[in-house]
Structure formats: structure tokens, C-alpha cells
């Protein structure tokens, strides 16, 4: 990293800090106006078709990415089209419709000395988002930050650089159009990892870093950051089917968890089956192989799931992100708890049971950001849990554990109204 | 750091992790029994006088510290005696009397699909406290961690090593006496900074590091930690006296903020005076020089405060921790806000005013963990704000901003009760 490059990044951060101070005092009406303006511009782009500056920029990114030989899953994430632009616009309007968390007085009490003390919700300040080549994240993150009164520094994958520039121009135009500080949203040039180190080292200027992407990226950020980081490591989600459980329900939970959208972090990765229901349940799970399910099981599983092949040690604790399911037959509820404690990733854990006692115990003792009884792992999601749009799912416990919505981009400060109180 | 030394620290952390898993499921009654047992043991030690193992250990620490030439303020902090032991016992009983935050269901709602979703309070897990030679912190931190269901790793200053060992033995005996896992509280040998690096690098085993002490210690921890850190930097607290303010009240706030206990972080460090009240207020503040106040002021201040000497650039933004007060006369409310934004440390800020508009604006826009109107800076304190005992005052915004009580040693996990819901 050149001194000049580092100075450029510092200047971006200083502008963000100044903008955040102004933005923190802006009321909901102005922020929502900027968001609605942006949604309109995005729809306009969608209706322009090939004349859209955003879609033209995206076409260039895609062309380069194809020549560079990017895998098809990444090309798909990079792709924008008319319907995706409209979906992004809809998401912006959904955020505009959400309550503004800033200014909420969450407590206020009178102390014995007459001092009224309480806590009020305020923005965090400057939030740096580091993500891969997914242009929709540029808009999602910008909009969540602005609505919660935070300045956003966006550092997306270099493969999406043109798309991100075009989209962030729309965002900045919309912010400017309603008189808010434009530097509330800034793109950080992709650069290399040294440049990223400078950004995540800006203690005093950046309040929070949220990395979204592969485990390597997140570990790099956690290792080198000098400002707080919200980490979202992989989702190794388990479903434990208890003795006496409703097995039809169990099969539906496997099907929904594993096959509906296997590439996401709240997809199911490992099925734990109580010994007493293995012979009845596993043939039904095995039948899902006709729909593409690949089972990797222990010796007991292989007895009842004919399509299964033997699991290796690496299959337990693995985030497949594919239609592969690790399966293990356990002797008891306790053994299932131990397996989850050993292999789980603190993301999402489910029990399928009819036992009141074990349902409640599972909810209490399992350490994960979301623990469910008789429901799909796929419900660990901001929208499904009633939070609204999310900026990520935290698997670390500080500040936020689980999906992070607008509220989690704020903090509480104490305020006190007195009439001369002293100690 | 030798490989062996690092392995010892890792083993401590692994034992803490195992103990934290057991402790997280323990109910309030058992935790409170351990705390009451400890309070009894501390009182017993107090009544034993010179035959007390704790006081004997402390006498050794003090003897060594005197020979090493420790300054008197540090010797005072290191000293234990009968009345201090009783005060520590009282503090333990106060924590026992507080509600247990663990298990609180803070929200629960029914989603349109019938899924009941909500959030429940859980312990953070393993908390490492790093502090200087203050033996009372050993008990305070252990008790707050145990009550909130967390395992504690305590790393105190080496000058207090014998006192800390004796106190932590009492804590561990009390935990053992009621059948809780003894390794819920462990002392980490003081060692050098390389040893500290190992401790604060234990990602996956330690959930939170709380450094308490001088700025150098905190910066070292923030720089080298690989686990989340709650930082408490210095308190550079301001009082702004507005035009039209009650000047008798203003003098009382200066007196209480600066002279009652000048060595603490919520003491007043800088007085900002509106030009229109400078001639009336400053002679009254100047009169406090008879009680030891030393004023360092700008040119305008020197006109009205006869005992004052000229402030240097370093006096603004300085945490004196002594009966020294920086004073500046400002032209306007806006200039006071700018001064605070430039020199404040996000700790505690006060306005003394009779203007409704400026009081509300100050509360809203000043960025500090506690912002007060017409009350002393000294109220930024867990007990005074109704939180109960505190483990520190955070000046960073993530997770907690301001005094940290039992609640801030917990996090929220999502739980969901369903009957077969899928997406």
C-alpha cells in the first residue's frame, strides 16, 4: 500500500465521519424521501433496458468476469437485469416503510434524587461493509445504513466494480436530491488486501466493520481489524429428530432445510436421528435422493438409507452449500446435544420432537443465534423473524447474535434531565 | 512467550469454556447461594484481623510494592483492610440481590405462519478481565460474571498477585461449596505482555475481553486482541454553562464534578462558559481556588478568574485526574458543541441551561455515553443510573455504551416454537 493510497482511504473515512455527524440528526421523513427517490431511479433504470447505465455497467462487468473464467454461481450473483433491478427497488421501499430506530427512548425512570435517567437509540456512526461481487448488496447496505442514520463505506468485490459505481451514483444522487450529505454513502475502491487493512484499521473514524463473504475474507478481517467487527462465519445447521417425533414433519423439515435453497447459510447440513426412529425415518429421507439429495451417513445410516454413502470425518461440521446431507444416528438426546456443541457453528439448530421437556431443554441449552422446535432452519432470517431487511447474520455474541436489522445498526446512549443534582 | 506458557493459558481457557457451558444452565438460587457464601467468608476474613489469609497476603504485596517504590495513589488502591473487606462483602450481597438477567424473554410474537418467535437472554460465555493492581476488582468482576452465568478469567496486576490469589481462592471455595463448577472463576498468572497477547488471542474460547486501567493498557489490548474488546478510554468530561443559566447551580456542578473525587473517570475536566455569563460566573468559580482548584484558562478566562493561569493547547482534551480545571469562554452554544466534538472522549457531557430548546438539542446531538442537563458529570455511574454494580464504563458504541451492568454481560438469542413450519 502506498502512502498516497492510504491517505486516499483516510480521506474517505474522514468525509464519512463528517457526514455521519450531520446524518445522525436527520429525521425519518427526509431519510425516507431519499429512499423513495432511489427506488424510483432504480425502476427507471429497469425500464430503460439496454439504455440503462446500470445494466450497461453490469454487462461490462459480466463480460470481463466470463473472460476471467468466474464460476457460474458467481456469475449469477453478479448478474443484474430488469427484474432484479425492480426487486432491489422493492427492497428499498420496504426499508423506507420500516420504523426509524433512531431517537427511540427505550427507558426513562425517575431516580430517588429526582433525576430522570434513561436511554435513547442513536446511530453507530460510520459502518464499513466489505463484501464480494454482489451488486445488490451495494444498495441494500447503503439503504439500511442511511435509514439508521449511519454513514456507509462500501467495499465490494472488484468483479462488480462498474456495477457498484453505477448503483452508488444513483444512491448518492438520491441523497443529494433531498439535501442530505452525499458522503453518507461512498464506495471504497476495491484495491488489494493491504488497502483493506488500511480501511479496517481506521480506529476512531470507522465504528464497525461488517464483512460478508467466504470464510477466508471474514477471517482476514477479524485478524487485521482495529475496529469492532461483526462476524458471520459459516452456517453448519443441524436438525435433531427425537424419539417419538412426528416423522412426516421431520421429512418435511429435511426437505425444506436442504432442498429449497441449498446455497444459503441457514440451509440444513446435518441430520441427527435418534436410534429408535432410524429404521422408520431414514428410508423416507432416502427417498429424497430422487430429488437430488446425496446422503453421507455413519454405519447405522447406511443400513436404512440405501442411496447413502459412508461419511468421512470431514463431512460432520461441513457447510456443503449443495444438496449433500451428513446424517448420523445417535443413541440419545444428550449425544445429539454433544454433537451440536462440537460441530455446530452457533448459527441455527433445530429439534423435531413431541417431548415438552426436551423441546424446552433444547431451546435453553443449545448455543446458536437461533434455536427452533419443529420448524425449518430456513427461518433464521431477518424477514421471517419479523426484523425486516437484514444486513447479515451474526454468529458472534457481542452486540448482535443472529440476523441484524436496522436496530442492530444503532446503540443506546444514556440521557439525564436534572435540576442541579450533585453527588 | 514459551510454547509451554502458551499451552498453560490455552488450558485455562478450555477449562473456562467447559465451566461456562455448565454455568449457563444454573438458576439464580444456586448462583446467589454462592455469592452469599462468599460474602460470609469475606466478613470472616475481616473479623480475623491479622490472622486473615487475605490480609496477610495483601500485607506481603504492600511490602513488596513499597520496596519497589510504587506511588502512593497505587499503594492506596492496592491496600486491603478490615473495613475494605467488609465493603467488598457488601458489594457482593448487592449483586446477589439484583435480578438474574439470564433467561429473560425480552420479546415473543406470533408470525403469520403460526411460528412463535422471540429473543431470550443468555450469558456471553467466557469473559477475560484485564486490570491493574486493585484486588477489589478481582471479587467484583468474578461476582458479576458468575451472577450473569459467565466464566471469568481474571488477569490482575502483578503487584497484587498474592492478594488476588487469596481472594480468588475464597471465590472458588464458595462456588465449589454450592456445587457449581470451580473453573467458572480462574486467575490468569500476571506474566508479561506476550502472555497477555496469548490470552486475548483466544478466538473461539474467549468471548469478550474487558481491559480496565490506563490508556496504554487499553490500547495494547485493542491492538492485539483477536476477540471482541469493550474499551473504556479516558473520561474528558465537559460542562457547558449556557447564557441565562442558573449560575449558583453552575458553581455547584463545577464543585461536585471537579472537587468531590477528582481521580475518577466521570470527574469534570473542562468548563465551557458562554461569553455573556463569563464575568458573572468566573469569579465564583475562581473562589473555589481556596479549596484547591487550579484553573487553566484562555485569555477571556484570565480576565475574570484572578487565580487562573494561561492554558496551553494540551490542557484542552486532557484528563487531569487532579483538581485542575481547563476553562474556555465560548461565543455561542454552537462553539461549545464544536469544542466538545473536538476534545470530548465520548464519556460524559453536561449542559447547564434554562433554555428548553438548547437542553433538548444538547441531549440529542452530543455524542457521549451519557449526556446530562443540569446535573453533575459524576452521575455517569452504574449505581446512579439504576443499573446496579458495573464492570466498567464503555466509551465504544458496540454492544454497550456507558456503564456496563449484569445485562451487558449477556446477549440475546432467537428462539422459535413451531408445529412443522417450512418456507
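What follows is calculated from the coordinates using simple rules that are stated; it is not laboratory data. Bear in mind the structure is a predicted one, so any value in this text is a computation, not a measurement. Don't worry about glycine lacking a Cβ; one is built from the backbone with ideal geometry, like all the others, and counts go over all protein chains shown.
Between identical copies, the spacing of residue A:357 label points, each set 7 Å from Cα toward the C-beta atom, reads 6.8 nm from nearest to farthest. FRET efficiency for the pair residue A:22 and residue A:158, taken as 1/(1 + (r/R0)^6) with r the Cβ-Cβ distance and R0 = 41 Å, rounds to 0.85.
Sorting A:83, A:168 on the 10 Å Cβ count, fewest up front, what's the list?
Details: A:83 9, A:168 20.
So the ranking, lowest neighbour count to highest, is A:83, A:168.
Neighbour counts of C-beta atoms inside 10 Å place A:395, B:53 in the sequence B:53, A:395, starting with the fewest. Rounded to whole Å, give me the distance from the Cα center of segment B:230-254 to that of segment B:172-228. The two parts, judged by their Cα centres, are 35 Å apart.
Mean-square fluctuations from a GNM of chain A, with a 10 angstrom spring cutoff on Cα atoms, peak among A:235, A:386, A:405 at A:386. In chain A, the DSSP beta bridges split such that about 30 percent are antiparallel, to the nearest 5. Considering the rotation that superimposes chain A on chain B, the residue of A whose beta-carbon lies nearest the axis, and that distance in Å, is A:399, 2. Of interest is the spacing of the C-alpha centroids, which for segment B:98-117 and segment B:27-97 amounts to 39 Å. Rg/Rh for segment A:209-263 stands at 1.23; both radii use Cα atoms, and Rh follows the Kirkwood definition.
Starting from the Cα gyration tensor of segment A:196-241, multiply each eigenvalue by 5, take the square root, and state the resulting semi-axes largest first in whole Å. Don't skip to the end; give the middle numbers.
Numbers: eigenvalues 146, 22, 8 Å².
Sorted largest first and rounded, they come to 27, 10, 6 Å.
How far is it, in nm, from the label point at residue A:14 to the one at residue B:84 when both lie 7 Å from their Cα along the line to the Cβ? Taking the simple label geometry, residue A:14 and residue B:84 are separated by 4.7 nm. Calculated mean residue ellipticity, 222 nm, the protein assembly as shown: -13500 deg cm²/dmol, from DSSP H runs (n ≥ 4) at -39500 (n - 2.57) each, averaged per residue and rounded to 500.
Solvent-free Debye calculation, one equal scatterer per alpha-carbon of chain B: log10 I(q)/I(0) at 0.09, 0.14, 0.15 Å⁻¹ equals -0.65, -1.22, -1.30.
Structural descriptor for segment B:121-170: relative contact order 45 percent, calculated from alpha carbon pairs under 8 angstrom and at least 6 residues apart. For segment B:67-197, the spread of Cα positions along the three principal axes, ordered from largest to smallest, is 71, 36, 29 Å.
In segment B:299-423 the Cα-Cα distances spread across 10 Å bins starting at 0 as 10, 31, 30, 15, 7, 4, 2, 1 percent of all pairs. Would you give the gap between the C-alpha center of segment A:315-369 and the C-alpha center of segment B:329-360, rounded to a whole Å? What the calculation gives is 53 Å, centre to centre. With neighbours defined as other Cβ atoms within 10 Å of a residue's Cβ, the residues B:108, A:202 order from fewest to most as B:108, A:202.
Out of every Cα-Cα pair that segment A:237-384 contains, those further apart than 17 angstrom amount to 55 percent. Computed from the C-beta positions of residue B:105 and residue A:357 and an R0 of 22 Å, the FRET efficiency is 0.75 to the nearest 0.05.
If you sort the three axes of the alpha carbon gyration tensor as a ≥ b ≥ c, you get a/c of 1.5 or more for segment A:150-198 and a/b no higher than b/c, which makes it oblate. Across the identical copies, the 7 Å label point of residue A:75, projected outward along Cα→Cβ, sits 7.8 nm from its counterparts, in ascending order. Estimated from the Cβ-Cβ distance and a Förster radius of 45 angstrom, the FRET efficiency linking residue A:97 and residue B:64 is about 0.10. For residue B:263, the point set 7 Å out from Cα toward Cβ sits 6.2 nm from its twins in the other copies, listed from shortest up.
With contacts taken as Cα pairs under 8 Å at a separation of at least 6 residues, segment B:3-233 carries a relative contact order of 25 percent. Of all the options B:192, B:381, B:286, the one that moves most in a Gaussian network model of chain B with Cα springs shorter than 10 angstrom is B:192.
How long is the gain from residue A:332 to residue A:192 if the chain were fully straight, where each residue apart is worth 0.36 nm and the alpha carbon distance is subtracted? Can you show the working numbers first?
Working: separation 140, 0.36 × 140 = 50.40 nm, distance 4.95 nm.
Gain on stretching residue A:332 to residue A:192: 45.5 nm.
Dividing the convex hull volume of the alpha carbon atoms of segment A:348-421 by its residue count gives 148 Å³ per residue. Considering only alpha-carbon pairs that sit under 8 angstrom and 6 or more positions apart, the relative contact order computed for segment B:237-384 is 33 percent. With respect to chain B, whose longest principal axis is taken over its alpha-carbon atoms, helix B:215-224 is tilted by about 50°.
The convex hull around the C-alpha trace of the protein assembly as shown, projected and averaged over every direction, spans 37.9 square nanometres.
Could you tell me the ratio Rg/Rh of segment B:3-233? Both radii from Cα atoms, Rh via Kirkwood.
Details: Rg = 18.6 Å, Rh = 18.5 Å.
Dividing the radius of gyration by the Kirkwood radius yields 1.01.
Connecting C-alpha atoms closer than 10 Å in a GNM of chain A, tell me which of A:357, A:104, A:40 has the biggest fluctuation. Result: A:357 has the largest fluctuation of those listed.
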